[in-house]
Amino acid sequence: MEFSTHALFRDDSYLKEAEAGVLAVNDRGGIILDRTIFYATSGGQPGDTGHFERADGSRIDIAATVTGQTKDEIIHVPAPDQPVVEPGETLKLAIDWPRRHLLMRMHTACHLLTVVCPYPITGAAVSTDDSRVDFDIPDAGFTKEEATERLMELVRADHQVFIRQISEEELAANAGLVKSKNVRPPQGTGRIRLVCIGNEGGVDSQPCGGTHVAGTGEIGEIHIGKIEKKGRENRRFRLRFGPLPAA
């Protein structure tokens, strides 16, 4: 049986707490809710952690959030030895906000990196302290110092970050919006979620289901730690928080 969870984070990445009802508990103990603020692992961004609180005040720690049979089936994975909930229960949800905010800042920085380095993306992974974006290029053409300066120019400009919905037909007519070389946005719903940066998306617009900050200035100090060669025509850029270390 397929379940569908209303993903509150798609409309508001800043929701830290909410209430939800339990739809089901699967055979591995994963909890499926009618609505959630917990982002599920997807697109290189890890799923949220946090906790639930039951009506009796007992707590259930959530160790991971993943998708089920579809992207709309969001499964909350409890840590070991947690209380077992029942369908129909109402729970209070709370994400690990400091961790989520780091991921939001880092994910937005990854989008800016695709502006600094406008080449097809071959892979990406977002984490709280050391993320990577891989590009299909034989040579970066610039140093990590130059890339960091261009990146920080976009951060300091504090461009607005916002969500816009377009049709699948609009995406097909604007194929350049898709920056990934191998991964296409999910089709079939009729709508595509675009993450836009800058006035009318003039800095960047690309399909993405992840969570992001509301303005690039919120990213803070960030730098390119390394540019690595990963094959004849593949370069890996590593993003890290903080100023570029002195050589």
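For segment 31-49, give me each residue that is part of a loop (DSSP other than H, G, I, E, B) and under 16 Å from GLY68 (Cβ atoms).
Hits for segment 31-49 are ASP34, PHE38, TYR39, ALA40, THR41, GLY47, ASP48.
Considering only residues of segment 167-181 that are assigned to a helix (DSSP H, G or I) and charged (D, E, K, R), which is surrounded by the fewest Cβ atoms within 10 Å (Cβ to Cβ)?
GLU169
Are any residues in segment 222-247 touching a strand residue (DSSP E or B) at 6+ places or on another chain (Cβ under 7 Å), over 20 Å from SER180 (Cβ atoms) and open to solvent by 30 Å² or more (accessible area, probe 1.4 Å), and if so, which ones?
Answer for segment 222-247, where residues must be touching a strand residue (DSSP E or B) at 6+ places or on another chain (Cβ under 7 Å), over 20 Å from SER180 (Cβ atoms) and open to solvent by 30 Å² or more (accessible area, probe 1.4 Å): LYS226, LYS229, ARG240, PHE241, PRO243, LEU244.
Could you give me the residue pairs with C-beta distances under 6 Å whose first residue belongs to segment 10-33 and is open to solvent by 30 Å² or more (accessible area, probe 1.4 Å), whose second residue is assigned to a loop (DSSP other than H, G, I, E, B) and not aromatic (Phe, Trp, Tyr) wherever it lies, and which are 6+ apart or on separate chains?
LEU15/ILE37; LEU23/ASP34
Please determine, by comparing only the residues of segment 34-49 that are open to solvent by 30 Å² or more (accessible area, probe 1.4 Å) and over 30 Å from ARG238 (Cβ atoms), which one is nearest to the chain's Cα centre (by Cα).
ARG35
Every residue, every condition in (1) farther than 26 Å from LEU15 by Cα; (2) out of contact with any strand residue (DSSP E or B) (no Cβ under 9 Å at 6 or more places or on another chain); (3) aromatic (Phe, Trp, Tyr), yes or no:
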{"residue": "ARG100", "(1), (2), (3)": "no, no, no"}
{"residue": "ALA124", "(1), (2), (3)": "no, no, no"}
{"residue": "ASP134", "(1), (2), (3)": "yes, no, no"}
{"residue": "ASP139", "(1), (2), (3)": "yes, no, no"}
{"residue": "GLU149", "(1), (2), (3)": "yes, yes, no"}
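What residue, among those in segment 184-200 that are in contact with a strand residue (DSSP E or B) (Cβ under 8 Å, 6 or more places away or on another chain) and open to solvent by 10 Å² or more (accessible area, probe 1.4 Å), is modelled with the highest pLDDT?
Within segment 184-200, the match that is modelled with the highest pLDDT is ASN199.
Name the pairs: first residue in segment 92-104 and open to solvent by 10 Å² or more (accessible area, probe 1.4 Å), second residue at pLDDT 95 or above and of a type in the set (Gly, Ala, Ser), Cβ to Cβ under 7 Å, at least 6 apart or on different chains?
As it stands, the answer is ALA94/GLY50; ILE95/GLY50; ASP96/GLY50, since those pairs meet every condition given.
Against the conditions (1) within 14 Å of the chain's Cα centre (by Cα); (2) of a type in the set (Lys, Arg); (3) in a strand (DSSP E or B), where does ARG164 fall short? Just the number, please.
The number of the failed condition is (1).
Out of the residues in segment 105-153 that are more than 21 Å from the chain's Cα centre (by Cα) and not in a helix (DSSP H, G or I), which is surrounded by the most Cβ atoms within 10 Å (Cβ to Cβ)?
My answer is ALA140.
How many residues, within segment 50-90, are open to solvent by 30 Å² or more (accessible area, probe 1.4 Å), assigned to a strand (DSSP E or B) and out of contact with any Leu (no Cβ under 9 Å at 6 or more places or on another chain)?
Residues meeting the conditions: 9.
The values are calculated or read from the model by the stated rules, or taken from the named source; none is laboratory data. Fair warning: this is a prediction, and the values are worked out from it, not measured in the lab. Counting neighbours? That spans all protein chains shown, and the Cβs are built from the backbone with ideal geometry, glycine included. To get the accessible areas, we keep the full protein, side chains included, count just its heavy atoms, and leave off ligands, DNA and RNA. Shrake-Rupley method; radii C 1.70, N 1.55, O 1.52, S 1.80 Å.
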